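**Q** This is the structure I want to talk about, given as structure tokens.
The values are calculated or read from the model by the stated rules, or taken from the named source; none is laboratory data. Model, not experiment: these values are computed from the prediction. Quick reminder, even Gly has a Cβ in these numbers, built from the backbone with ideal geometry, and neighbours come from all protein chains shown.
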Amino acid sequence: MSQGLAAPGFLGRLPADRLFVVVSRATALIAIVLLLSALSPHFFTTQNLINVLRQASLQFILSAGLTLVILTGGIDLSVGAVLGLSACLGAGLIAGGHLLPGIGAALGAGLACGIVNGFLVTQFRIPAFMATYGMLWVASGLTHVFMQGEVIHGFDKTFRFIGAGHVGPIPAPVIAAAALLFALHVLLHHMRLGRAIYALGGNPVAARLSGMPVQRHLITVYALSGLLAAVAGLVVIARVNAADPGTGEELLLPAIAAVCLGGTSLFGGQGGIAGTLTGSLILALIINGMNLLDVSTFWQAGGMGLIVLASVFADQMGGRRVAAGGWHVNRGGKP
């Protein structure tokens, strides 16, 4: 496991390669804000900044669970489809006046999909990529069967508050994202499960040999990913006041992008939830800026791909420079 993980919250004690990631992301965030402020007079307005925070919060809620999975060295390609399935199942009940059963059904569906992913990976030894890719198609198919091409809309104000409401000037999704950030930070840095997550991603062989209940921890991580995808689904449909069979289909790649932009290693063992928040903010700012500057949607997807590639490349080059300077760098358990 990487050196310095015991005290990730203190910049002075971070390994040099992780310090490079933290500083580079903070610099990128500031540079994007300054650039967009100069290019568009509409960027630095209260309403636009609130929209950016709301979009970043929605992205963060979905990407948070994926971050936990990636920290173990795995991947969850089903988060977008699980979001859609959970949201549509919940919407069917909520629109019929059954608020609590609808929320329960949505969360239960997300949790169940995550547990199935965990069992496929741990009990049946199916690679996480293939297991969650299969779940993507299963969840997507069930969503289309359930919806039958229909659109569910018209939720009551009580439910819509979680996606479109405000507490004073602060959007409700921002408050939810802040609470989730705090909870997952505590989990990762102050609880046994969090230490296990970093151990599994940093050196899975050593984690198994130490007697760690690897299978139980992995199932828990995938279950949390599915559960948080369901939470994100509820927030999304509350925001747009509708659910359709395509809900969540386009959210997988942005979720992965937010994790990568936040500096979490795709090899596992390095990164954290605060980085994913930073990545979500960067992603929201870039999308918002391209919309303000009237960049074609056809170019936006390509631009996002280049940004993710540049982010991963910068991390790799930063790690190599640090290693050349004599620091020990562990990239996902590999020397």
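**Q** Here is a check on your reading of the model: is Ala232 modelled with pLDDT of 95 or more, surrounded by fewer than 24 Cβ atoms within 10 Å (Cβ to Cβ) and under 20 Å from the mean Cα position of the chain (by Cα)?
**A** Working: modelled with pLDDT of 95 or more: yes; surrounded by fewer than 24 Cβ atoms within 10 Å (Cβ to Cβ): no; under 20 Å from the mean Cα position of the chain (by Cα): yes.
No, not satisfied.
**Q** When you look at Ala242, is it of a type in the set (A, V, I, L, M), under 30 Å from Gly154 (Cα atoms) and out of contact with any strand residue (DSSP E or B) (no Cβ under 7 Å at 6 or more places or on another chain), yes or no?
**A** Values: of a type in the set (A, V, I, L, M): yes; under 30 Å from Gly154 (Cα atoms): yes; out of contact with any strand residue (DSSP E or B) (no Cβ under 7 Å at 6 or more places or on another chain): no.
Against the criterion (of a type in the set (A, V, I, L, M), under 30 Å from Gly154 (Cα atoms) and out of contact with any strand residue (DSSP E or B) (no Cβ under 7 Å at 6 or more places or on another chain)), Ala242 does not qualify.
**Q** Is it fair to say Leu85 is more than 29 Å from Met290 (Cα to Cα) and in contact with a Leu (Cβ under 6 Å, 6 or more places away or on another chain)? Show your work before the answer.
**A** Values: more than 29 Å from Met290 (Cα to Cα): yes; in contact with a Leu (Cβ under 6 Å, 6 or more places away or on another chain): yes.
Considered against the rule, which asks whether it is more than 29 Å from Met290 (Cα to Cα) and in contact with a Leu (Cβ under 6 Å, 6 or more places away or on another chain), Leu85 comes out as yes.
**Q** When the range 109-137 is examined, which residues are found to be free of Cβ contacts under 8 Å to residues at least 60 places away in the same chain and surrounded by fewer than 21 Cβ atoms within 10 Å (Cβ to Cβ)?
**A** Leu120, Phe124, Arg125, Ile126, Pro127, Phe129, Met130, Tyr133, Gly134, Trp137
**Q** I've got another one for you. Could you please let me know if Cys88 is part of a helix (DSSP H, G or I), in contact with a Pro (Cβ under 9 Å, 6 or more places away or on another chain) and surrounded by 22 or more Cβ atoms within 10 Å (Cβ to Cβ)?
**A** On the way: part of a helix (DSSP H, G or I): yes; in contact with a Pro (Cβ under 9 Å, 6 or more places away or on another chain): yes; surrounded by 22 or more Cβ atoms within 10 Å (Cβ to Cβ): yes.
Yes, satisfied.
**Q** Follow-up question, since we're still on this one. Need pairs with beta-carbon distance below 8 Å; first residue on the phi < 0 side of the Ramachandran plot and within the range 293-309, second β-branched (Val, Ile, Thr) and not in a helix (DSSP H, G or I); sequence gap 6+ or separate chains.
**A** As it stands, the answer is Gly303/Val295, since those pairs meet every condition given.
**Q** For the range 24-61, give me the residue count where each residue is over 12 Å from Gly279 (Cβ atoms) and either buried (at least 22 other Cβ atoms within 10 Å of the Cβ) or among the aromatic types (Phe, Trp, Tyr) (or both).
**A** The number of residues fulfilling the criteria is 6.
**Q** Assuming Ser265 fulfils every condition listed in (1) in contact (Cβ under 8 Å) with a residue 24 or more places away in the chain; (2) farther than 23 Å from Leu187 by Cα; (3) among the polar types (S, T, N, Q) apart from one, which condition is it?
**A** (2)
**Q** Follow-up question, since we're still on this one. Taking the conditions exactly as written (surrounded by 14 or more Cβ atoms within 10 Å (Cβ to Cβ) and not aliphatic (A, V, I, L, M)), does Gly165 satisfy them or not?
**A** Yes, satisfied.
**Q** Which condition does Gly305 not pass, out of (1) of a type in the set (Gly, Ala, Ser); (2) within 19 Å of Tyr198 (Cα to Cα); (3) assigned to a helix (DSSP H, G or I); (4) modelled with pLDDT of 75 or more, if it passes all the others?
**A** Answer for Gly305: the failing condition is (2).
**Q** Let me ask you something else. Which residue pairs have Cβ atoms closer than 9 Å, lie 6 or more positions apart in sequence or on different chains, and pair a first residue in the range 23-37 that is more than 14 Å from Ala284 (Cα to Cα) and among the hydroxyl-bearing types (Ser, Thr, Tyr) with a second residue that is modelled with pLDDT of 90 or more and buried (at least 16 other Cβ atoms within 10 Å of the Cβ)?
**A** Final answer for the pair search is Ser37/Phe43.
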